[in-house]
Amino acid sequence: MEVQVGWNAVLSCRVAVTAQQHLSVCNGHHPSICMKNSALYHLWKRQVFLRNRHQDFDRLLSTRHFSSGIYLIGCAGEIVYVGQSWDLVRRSIESLGNHYHRVADTKLPWSIAFAPCSPDEMDELESTAIRTYAPRFNTSLPSIAKSLSRMPQVVGSAAVFQDQKSVCGAFHPENLRRQVDAAAQNSEPPWAVKKTRRKTERKSPRQPEIALEQVEWTEVEAAEMVQAYGVSLSQPLRFKINLCEDGSVITKDGEIIGTWTMDENAHPSFFPDGATEPLIFDVFVGLLCQRVAEWYEAETGDKIG
């Protein structure tokens, strides 16, 4: 099936090249720091980029608070990955770490773009962007049925690494058109290629080539992580389960049901009210919230929201 996307929709997903436009902020949003320096430092260090962050990227992260939505990763002149997350900053950096090491040339310029949206829009917007651009590292679609719909609205992008000599060209209009045209003519895009399992002999584990410095985790850093990832108490409670910046866990109905924290790997845990040991642990904030909601509704017999 040929995918046709209007140019207005395609170019609504582009980000301009100038520094001022890179750091554009939608009207109606107040600037706020989205992640504390300590949390961002440890998150960046775990990816082993061996390159420093670009000042434009830091400035973009400090310009506004990014929560849920779509992120697009560009390398050289193309978009190489599109993803979604309840926590755009954390997940986009982790995803960049996953795909950065799959590209042999470590001197290429990279950029990340953000398109905030509500959680119930993420499947639709991500699926449409993946089908439109056919990024090389997207090997599946969240929803084929929703992949001919709206494009994500990018509000800002920035160069990732300080040593980049130029801005990544992935979001230039000419490169976007070229990638869309190539995707439309590709009868076997990466997201549509069927995967086959191959049996291989078990290999002995390889020793890491880079000695990682051990990170000491303190209660102060854990509190900073909670504040960085937590929902602001000054905003309406949008989700069934809200992990708040003060460490409390509050339902959409306003009931405080416990507390939460994060470990050195940014993995969250939930403590029921009055408990000293965690009841629920997960590696992702969204999955933890889902499990907490299921636990609460099973315990009380009441539906949240």
task = Would you calculate the volume per residue, in Å³, of the smallest convex hull containing every Cα atom of region 126-189?
result = 111 Å³
task = Provide, as a two-decimal number, the C-alpha radius of gyration of region 218-260 over 2.2 N^0.38 Å, N being how many residues it has.
result = 1.11
Sites matching trypsin sites (Lys or Arg not before Pro) across region 231-290 that sit in DSSP coil, with at most 13 neighbouring C-beta atoms within 10 Å = 238
note = For the table 165/194; 107/146; 146/252, the rows whose alpha-carbon distance is greater than 32 Å are 165/194; 107/146
message = Ratio of alpha-carbon Rg to the 2.2 N^0.38 Å globular estimate for region 66-129, to two decimals, please.
response = 1.11
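Quick note: the coordinates plus some simple rules give every number you see, no bench work behind them. These figures come from a predicted structure and were not determined experimentally. Note: ideal-geometry Cβ built from the backbone for every residue, glycine included; neighbour counts use all protein chains shown.
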